Structure formats: C-alpha cells, structure tokens
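Here the structure is laid out as structure tokens; the discussion comes afterwards.
The values are calculated or read from the model by the stated rules, or taken from the named source; none is laboratory data. If you're wondering where the values come from, they're calculated on a predicted model, not measured in any experiment. When we count neighbours, we look across all protein chains shown, and the Cβ atoms used for this are built from the backbone with ideal geometry, even at glycine.
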Amino acid sequence: MNDFTQIKTDARKAAFAARKLAFDAAHASQSAFLSEVLAGYRGVPLAGYAPMRTEIDPLPALAEAAAHGLVGMPVIKSAATPLDFREWTPECAMIEGTFGAYIPQRGEWIEPEILIVPLVAFDRKGGRLGYGGGFYDRTIERLRARRATMAIGFAFEAQELTDLPLEPTDQPLDLIVTEKGIITPASC
C-alpha cells in the first residue's frame, strides 16, 4: 500500500467513526435542509439513494420530491462503470442490490439532473471522499458531459474533514447539505 492509499484509508476510518456517532444521535428531521433545497427544484428529475448502515437518511426528502417529479435510485450494473437510475416512489417494491444497497425492483430508467450523493467525508471546497469504488465519480462525470448536473453531497456535519486526500478523477460537489445546514463550497 502506498502512502496516498494509506492516507485515504485513514481518512475513511476517521470519517466512518464520526459518522457512526452522528448516526447514533440523529433525529427524525435530519433531512429537513435537503427538503428545503429540493423544494427549489420541483419537477427536475433527480436521484438519491436508499441509506445503508450509518448513512444519513434522505428518504423523507426524496418522498416529498417524488410528489412533484421523477426520482430515481442508483443501480450498479457492473464493476467500474457509472451508475444507472431506476425510477423510485415511496411505495415501490425494493430489493437488495449490489453491496446490499436497496434498489427499486422494477421501473423505468431515468437520467437525473440533480444527484444526491452519499459520502464518507467532505470538505468545504466541495471535495468528497466516497467508499473507493469510483461509481459516483464516473456517474457525475458522465452526467455532466451530457448536461448541467448538480451534485449535492448529503452527510452528517460530523463527516466534514479539512484536508481530504483527493485525486484528479474525483468529481466536485456543487452543494453540501447536512442535518444542520447548507454549505456552498468555496473555490480553491
């Protein structure tokens, strides 16, 4: 393992520990600021995620958004490829997909213009540390090549780190939403 890989591993470990503590203290209104942001984009196709383990829960905000337009959930079709998105509604049947993430059992494929992105850590410059598979970086890059696409990181405030180990392929976030507020990334 090289030094950079070890730095990323250490950053993920610290962020997972912070996220677990925040998750344990989470309250029902943790997605209120996400709802506030999405209300300004009613009708714009968007995609979120079904939370796994200690991820912050976007489902209440996604349910509100689904009343006004298309909402999708990510589907991993194969390793080292971008994600695709299947239409989701609060009442649709969900099945376990790759890595244990729940996905809609059936539904139309959609292409979002807004992407709610789970993460392990973030910084105030719009940097994001994910799980290491590169799925979201590939996906954001593909979507942005086709049209303007907003990537919104959704995380607990405790997941903020000041010095993320980023690579040239890491796609920046346009906005970060936590249970405590909305952060517009600062330019480098």
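Could you list, in sequence order, all residues of segment 161-183 that are more than 15 Å from residue 118 (Cβ to Cβ) and either in contact with a strand residue (DSSP E or B) (Cβ under 6 Å, 6 or more places away or on another chain) or buried (at least 20 other Cβ atoms within 10 Å of the Cβ) (or both)? Result: 161, 164, 174, 183.
Being of a type in the set (D, E, K, R) and either in contact with a Gly (Cβ under 9 Å, 6 or more places away or on another chain) or surrounded by 17 or more Cβ atoms within 10 Å (Cβ to Cβ) (or both) is the requirement here; does residue 57 meet it? Break it down into steps so the answer makes sense when it comes.
Working: of a type in the set (D, E, K, R): yes; either in contact with a Gly (Cβ under 9 Å, 6 or more places away or on another chain) or surrounded by 17 or more Cβ atoms within 10 Å (Cβ to Cβ) (or both): yes.
It is true that residue 57 is of a type in the set (D, E, K, R) and either in contact with a Gly (Cβ under 9 Å, 6 or more places away or on another chain) or surrounded by 17 or more Cβ atoms within 10 Å (Cβ to Cβ) (or both).
When residue 76 is tested against (1) of a type in the set (Val, Ile, Thr); (2) at pLDDT 95 or above; (3) touching an Asp or Glu at 6+ places or on another chain (Cβ under 9 Å), just one condition goes unmet, and that condition is (2).
Between 158, 145, which is touching a Leu at 6+ places or on another chain (Cβ under 8 Å) and either closer than 27 Å to residue 13 by Cβ or assigned to a helix (DSSP H, G or I) (or both)?
Working: 145 fails: touching a Leu at 6+ places or on another chain (Cβ under 8 Å).
The unique qualifying residue is 158.
For the structure I just gave you, tell me whether residue 72 is of a type outside the set (D, E, K, R) and within 18 Å of residue 85 (Cα to Cα).
Working: of a type outside the set (D, E, K, R): yes; within 18 Å of residue 85 (Cα to Cα): yes.
So residue 72 fits the description; yes.
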